[in-house]
Amino acid sequence: MRNKLGLVFFPAFDWAITPTHPERQERLLYTRDQIVEEGLLDIPDIIEYRPRLAAISDLERVHIGIPTIKSLITDAHLVSAGGAITAADAVLNQEVKRAFALVRPPGHHAMRMVHGTRGFCTINIEAVMIEYLRKHYGIERVAIVDSDVHHGDGTQDIYYHDPNTLFISFHQDGRTLYPGTGFANELGSPGAWGTTVNIPLPPGTTDDGLHYIYDNLIVRMLEDFKPDIIINSAGQDNHYSDPLASMAITAQGYARLADKLQADIAVLEGGYSIQDALPYINVGIILAMAGMDYSQVVEPDLDRKKLTQSSRITSYIEGLVRNWQEIWTNREKLRQEEIHKSKGLWVQNRSIYYDADGIMEQQRQEVHLCPHCPGYFSVATEANGPNIGYQSAYATVLSALSCPQCRRQAKDQLSANKKTGNYQYYFLQDKQADILERL
Amino acid sequence: MLLGIDVGGTFTDAVVIQGQQIIVQAKVPTSHDNLLEGLLLALDEILRTVKAGQLERVVLSTTLVTNALVQNEIDDVGLIIIPGPGMNVSAMFPKTPITVNGYIDHRGRRAGVLDTQEITKCKQLAEYSIFAVSGKFSVRNPLLEQEVFNMLNDAYHPLHVSLGSQISGRLNFVRRTNSAYFNAAVWHKFNMFAEAITQALAQRDIVAPVYILKADGGTVPLILAKAQPVEAVFTGPAASVLGIMALHHSCGDVISLDIGGTTTDIALWQDGVPLFAERGANIFSYPTAVRAFWLKSVGVGGDSFVRRQNGNLQIGPMRLGPAMALGGENPTVTDALIVAGKANFGHKQLAELAMKRVANTGQSPVDAADEVLASVCRIIVGAINDMITEHISQPVYKVEDIINAVKFDPQLVVGVGGAVKGLAPLVAKEMGIDSFIPTGSMVANAVGAAVARPTIDITLRADTEQGYYSIPELGLRKSISGARFSLASARELAFDCLAAKAQEINIPQTDMEIMYEEEFNVVKEFYTSGKIILCRVQLKSGVLMPVLGKEVW
Ligand SMILES: [Zn+2]
Ligand SMILES: [Zn+2]
């Protein structure tokens with residue numbers, strides 16, 4: 001059966017991080033050529049949308065920029081975030097059944113606290129879209145499946161304390177690839193324990209391994225979680241030809257995943273084999289999401305590649321899935337244990353590196369758990385970098401459902417902190433009032 | 001003296017223009033069984049006033065190709081495609097294709113070997129004398145199409161083979177394939193017509209060059225049109241747009257209307273230039289690469305049947321006959337115009353009778369007429385607004401184009417056509433802008449044909465990393481030396497090739513313009529290893545001169 005697909009195609013032909021950076025003007029040129037040559041834009045069930053510009057307030061529903069988010073971005077970021085929002089609007093207004101925001105720049109490495117650009121990302125366009133949907137359409141439960149080869153550490157950071165967002169990321173093992181995180185023991189803070197799912201895969205994993213994981217694990221997680229909406233962070237660097245990673249997924253592997261997943265909205269993330277992979281993967285995903293035949297979308301050089309998955313990898317993946325099945329089955333019990341252990345406060349200290357800007361950030365997060373509501377959390381940050389020098393900030397984040405007592409307590413703590421003057425900037429991100437307040 | 005002949009659905013019009021004036025005009029009924037008859041009738045009427053030797057140029061705008069397609073008087077075409085991997089296209093063409101293996105990729109590289117056996121062994125192919133061949137990315141490298149072409153020639157000695165890459169230099173395999181198919185399908189019919197017209201003109205001692213009007217409003221020499229007759233589809237609306245251009249010097253953003261018997265064709269003009277259908281025209285429901293003005297047709301016109309159903313007024317889209325005021329049996333929009341005092345012909349009493357038939361109980365004929373006209377306006381204005389919305393929300397691929405988005409701020413409605421005098425001002429009023437109806441609008445199409453500029457367009461794409469450039473429309477693929485080839489060199493080369501082509505087919509080489517260009521660096525392992533440059537140039541379309549809209553009956 002065919003479905004109407006909204007396609008927000010925005011290759012940003014005039015935007016690059018630097019002229020020879022993987023995120024450069026040329027990145028979606030060959031994808032444009034393939035889409036146009038295939039005639040996909042003439043298919044009556046594929047409706048192309050022009051991206052709108054996101055507003056700064058859309059970004060601040062997610063991000064806290066130091067000193068301001070505006071100072072850290074270019075217009076291109078407003079277009080790509082706006083493109084994701086345009087895709088979401090088209091679906092929620094029921095103009096189309098599904099939508100694909102085939103836009104750049106990407107976003108899944110951008111965390112809540114932003115000092116600059118990391119992993120090619122400044123604005124987490126999926127998160128901006130999801131918070132827009134929550135604000136404007138009352139969407140609650142969201143599942144994100146991140147199919148980029150890199151761990152979606154930005155998205156994980158943003159939703160680590162949110163039990164209503166199931167974040168599933170499969171990626172090349174962090175011991176062998178940027179950003180070096182995304183291990184199976186990163187499961188969410190106690191209140192949201194088990195809604196962060198990391199599936200690190202060994203280099204050389206093929207379509208077989210990926211689909212084994214989907215069929216035996218992800219599909220059940222999605223069924224159990226009962227999301228109102230499914231988002232695909234559709235990174236394409238798991239492809240066998242990608243220059244930045246070492247996996248062995250094909251265009252067919254990606255298209256079949258899109259077909260099984262039936263995401264409401266897909267958003268492009270990475271993928272840097274711009275000639276040999278992206279044209280085919282994107283055509284495959286578009287056809288699959290539109291409910292059309294994608295079986296003939298095959299890379300011309302695939303015959304010669306002889307991709308097979310070693311038995312070592314296969315048994316590793318089977319073990320990984322077994323472990324996860326057990327965690328998933330017992331997740332409620334385990335979550336209660338975590339909550340009990342935390343005694344109301346969960347603290348995490350970590351360092352975050354911004355590869356593009358050479359910034360090193362030290363961050364402390366404190367999550368205050370509450371028996372009556374999702375609680376609240378604070379983020380204290382100090383960062384050093386060649387262009388920014390030293391900068392620091394302290395932010396308190398109130399969820400839309402934080403109870404009056406938590407709200408009071410959070411605000412008291414924030415003003416007490418401000419009095420000490422230990423940080424340069426103080427923020428209150430209040431989801432209920434839908435504002436980012438600078439104190 | 002320039003002669004323009006427009007074979008329309010009802011009438012065949014001919015005009016002769018000299019020094020910006022219409023000096024002769026003729027109108028005869030279109031002969032549907034044999035378009036040539038009516039055409040020659042109009043021509044002979046002209047030749048009573050003008051000597052054959054005085055004519056400098058003859059331009060024909062004919063419904064021949066459109067009619068052949070609509071009436072299915074076309075040849076059976078052997079359609080061969082080389083789609084390679086991608087979307088399943090087997091059911092996307094007007095005819096089930098024969099699929100041949102082989103692939104050219106997006107960089108124009110040979111990525112899959114042509115399977116020649118399928119061509120030489122396919123028994124079905126022997127049944128055809130006309131073929132269309134189209135391969136994916138053939139505009140990047142026509143090699144596989146040409147190999148199939150050679151094989152067909154050797155094996156089956158066909159009358160004609162249309163190649164997708166020569167029909168259009170632009171990306172879009174499905175559109176090129178449809179274009180090539182339709183081109184082949186009307187090739188024989190058009191060539192018979194071309195033969196007959198050439199003879200008929202010779203018999204009348206007309207030695208002036210003969211041009212055919214295309215859907216994009218440009219003209220091409222008949223000899224060139226014989227190879228690409230599909231471009232002569234939908235010339236009526238194109239002639240009308242050109243006629244408006246000749247009769248009214250538009251500047252700023254304009255909406256033009258051609259209000260006929262049953263349809264109204266709407267075009268948008270940005271900064272005085274009519275907008276084109278970005279990817280090409282649709283023939284029936286098939287998207288093609290045929291360049292055309294961007295027109296929307298709505299099913300209302302002067303003869304549209306008006307009735308009331310369950311209390312609601314219904315207008316068109318069918319015509320049941322002429323207006324009651326002109327002896328018809330059913331109420332029409334024209335009757336409403338007459339009753340409302342916007343038109344002054346026919347029997348007013350009969351028009352009033354018509355309006356009584358559509359009036360609500362207690363509604364006067366004048367009020368009913370106003371209600372009819374308001375509905376007609378709503379339909380037309382609704383379509384105009386949809387077009388404007390579509391135009392300004394056209395996808396763009398650069399940040400700059402999002403930030404500095406195109407605006408469309410119409411100031412004027414320009415109208416031509418039979419029912420325009422009453423309706424155009426109402427539409428303009430509804431939109432809160434002015435209207436203008438050029439005199440001479442009744443022969444606008446023939447005027448448009450007479451003064452249409454000759455045009456050709458070519459697409460140059462250079463890939464300096466691979467060291468070649470190609471111009472598919474010219475069947476050209478040549479090597480270049482990488483290092484110094486820039487966008488400026490591409491432009492210069494494209495203009496040279498365009499000028500050479502113009503010279504070859506004997507049309508003026510003036511007014512060349514760039515339609516589109518882009519330039520990308522190709523980066524390999526973090527070093528720039530070449531450039532990909534695209535440059536599309538054309539001989540400017542439009543009209544040779546303005547024409548004073550004074551009819552000479
Ligand atoms: Zn990635
Ligand atoms: Zn609380």
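Among residues of the range A:150-179 that are within 14 Å of chain B (Cβ to nearest Cβ) and under 19 Å from A:CYS370 (Cα atoms), none has a beta-carbon under 6 Å from a residue that is assigned to a helix (DSSP H, G or I) and within 16 Å of ligand 2 (Cβ to nearest atom) at least six positions away or on a different chain. Of all residues assigned to the range B:353-363, at least one qualifies as being under 20 Å from B:ALA323 (Cα atoms), of a type in the set (D, E, K, R), touching a helix residue (DSSP H, G or I) at 6+ places or on another chain (Cβ under 7 Å) and surrounded by fewer than 19 Cβ atoms within 10 Å (Cβ to Cβ).
Of the numbered criteria (1) more than 24 Å from the chain's Cα centre (by Cα); (2) within 16 Å of ligand 2 (Cβ to nearest atom), the one A:ALA400 fails is (1).
Restricted to the range B:465-553, the set of strands (runs of 3 or more DSSP E) holding at least 1 residues that are touching a strand residue (DSSP E or B) at 6+ places or on another chain (Cβ under 9 Å), open to solvent by less than 20 Å² (accessible area, probe 1.4 Å) and away from chain A (no Cβ under 14 Å) comprises B:468-471, B:527-539.
The residues in the range A:273-320 that are in a helix (DSSP H, G or I) and either of a type in the set (S, T, N, Q) or within 14 Å of chain B (Cβ to nearest Cβ) (or both) can be counted, and the count is 18.
Here A:GLU361 fits the description: crowded, with 19+ Cβ neighbours inside 10 Å, away from ligand 1 (no atom under 16 Å from the Cβ) and in a strand (DSSP E or B). Scanning the range A:249-265 for residues that are away from ligand 1 (no atom under 15 Å from the Cβ) and either aliphatic (A, V, I, L, M) or touching an Asp or Glu at 6+ places or on another chain (Cβ under 7 Å) (or both) turns up A:THR250, A:ALA251, A:GLN252, A:GLY253, A:ALA255, A:LEU257, A:ALA258, A:LEU261, A:ALA263, A:ILE265. Looking across the range A:364-397, the residues that are near ligand 2 (Cβ under 9 Å from one of its atoms), assigned to a loop (DSSP other than H, G, I, E, B) and open to solvent by 10 Å² or more (accessible area, probe 1.4 Å) come down to A:LEU369, A:CYS370, A:PRO371, A:HIS372, A:CYS373, A:PRO374. If you take the residues of the range B:499-553 that are among the basic types (Lys, Arg) and modelled with pLDDT under 90, which of them is farthest from B:ARG461 (Cα to Cα)? The qualifying residue farthest from B:ARG461 (Cα to Cα) is B:LYS550.
I'd like to check something: does the range A:294-303 contain any residue that is crowded, with 17+ Cβ neighbours inside 10 Å, touching a strand residue (DSSP E or B) at 6+ places or on another chain (Cβ under 7 Å) and under 21 Å from B:GLY84 (Cβ atoms)? Looking through the range A:294-303, at least one residue is crowded, with 17+ Cβ neighbours inside 10 Å, touching a strand residue (DSSP E or B) at 6+ places or on another chain (Cβ under 7 Å) and under 21 Å from B:GLY84 (Cβ atoms).
Listed here are the helices (runs of 4 or more DSSP H) enclosed by the range B:109-168 that have at least 1 residues being within 14 Å of chain A (Cβ to nearest Cβ) and in contact with a strand residue (DSSP E or B) (Cβ under 6 Å, 6 or more places away or on another chain): B:143-156, B:164-167.
Could you tell me whether the range A:338-352 includes any residue that is among the basic types (Lys, Arg), exposed (fewer than 14 other Cβ atoms within 10 Å of the Cβ) and in contact with a Lys or Arg (Cβ under 9 Å, 6 or more places away or on another chain)? Checked against the condition, which is being among the basic types (Lys, Arg), exposed (fewer than 14 other Cβ atoms within 10 Å of the Cβ) and in contact with a Lys or Arg (Cβ under 9 Å, 6 or more places away or on another chain), the range A:338-352 yields at least one hit. Selection of helices (runs of 4 or more DSSP H) fully inside the range A:52-167 by the criterion of at least 1 residues being more than 16 Å from ligand 2 (Cβ to nearest atom) and farther than 29 Å from A:GLN424 by Cβ returns A:75-92, A:125-137. If you go through the range B:367-422 and keep only what is in a helix (DSSP H, G or I) and among the acidic types (Asp, Glu), you end up with B:ASP367, B:ASP370, B:GLU371, B:ASP386, B:GLU390, B:GLU400, B:ASP401.
Any residue at all in the range B:86-104 that's assigned to a helix (DSSP H, G or I), more than 25 Å from A:LEU278 (Cα to Cα) and open to solvent by 50 Å² or more (accessible area, probe 1.4 Å)? No, the range B:86-104 contains no residue that is assigned to a helix (DSSP H, G or I), more than 25 Å from A:LEU278 (Cα to Cα) and open to solvent by 50 Å² or more (accessible area, probe 1.4 Å). In this structure, is A:ILE339 within 16 Å of ligand 1 (Cβ to nearest atom) and over 30 Å from A:GLY389 (Cα atoms)? Answer is no for this residue.
Check whether at least one residue in the range B:308-328 is surrounded by fewer than 19 Cβ atoms within 10 Å (Cβ to Cβ), touching a Lys or Arg at 6+ places or on another chain (Cβ under 6 Å) and more than 30 Å from B:THR219 (Cα to Cα), and report yes or no. Yes, the range B:308-328 has at least one match. Taking the range B:401-436 as the range and being at positive phi and either open to solvent by 40 Å² or more (accessible area, probe 1.4 Å) or within 14 Å of chain A (Cβ to nearest Cβ) (or both) as the test, only B:GLY432 passes. Of all the numbered requirements in (1) within 14 Å of another protein chain (Cβ to nearest Cβ); (2) assigned to a strand (DSSP E or B), B:LEU79 misses one, and that requirement is (1). Look at the range A:423-436: where a residue is within 18 Å of A:PRO374 (Cα to Cα) and a partner is hydroxyl-bearing (Ser, Thr, Tyr) and not in a loop (DSSP other than H, G, I, E, B), sitting 6+ places away or on another chain with Cβ atoms under 8 Å, you get A:LEU428/A:THR396; A:GLN429/A:THR396; A:ASP434/A:SER57.
Within the range A:265-276, residues that are open to solvent by less than 10 Å² (accessible area, probe 1.4 Å) sit with their Cβ atoms under 9 Å from residues that are among the basic types (Lys, Arg) and within 15 Å of ligand 1 (Cβ to nearest atom), at 6+ positions apart or across chains, in these pairs: A:LEU268/A:ARG104; A:GLY271/A:ARG27. Are any of the residues in the range A:279-288 open to solvent by 10 Å² or more (accessible area, probe 1.4 Å) and either not aromatic (Phe, Trp, Tyr) or not assigned by TED's automatic domain parsing to the domain that holds A:HIS109 (or both)? No: zero hits. Just one of the listed residues (A:GLY138, A:GLY82, A:GLY116) is closer than 25 Å to B:LYS398 by Cβ, surrounded by fewer than 21 Cβ atoms within 10 Å (Cβ to Cβ), of a type in the set (Gly, Ala, Ser) and away from ligand 1 (no atom under 16 Å from the Cβ), namely A:GLY116. Can we say B:LYS398 is modelled with pLDDT of 95 or more and open to solvent by 30 Å² or more (accessible area, probe 1.4 Å)? It is true that B:LYS398 is modelled with pLDDT of 95 or more and open to solvent by 30 Å² or more (accessible area, probe 1.4 Å). Just one of the numbered conditions (1) facing another protein chain (nearest Cβ under 7 Å); (2) assigned to a helix (DSSP H, G or I); (3) in contact (Cβ under 8 Å) with a residue 12 or more places away in the chain is not true of A:TRP15: (2).
The values are calculated or read from the model by the stated rules, or taken from the named source; none is laboratory data. Note that the coordinates shown come from a computational prediction; the quantities given were computed from them, not determined experimentally. Positions of Cβ are backbone-derived with ideal geometry, glycine not excepted, and every protein chain shown enters the neighbour counts. The area values use the complete protein model at the heavy-atom level, side chains included, leaving out ligands, DNA and RNA. Shrake-Rupley method; radii C 1.70, N 1.55, O 1.52, S 1.80 Å.
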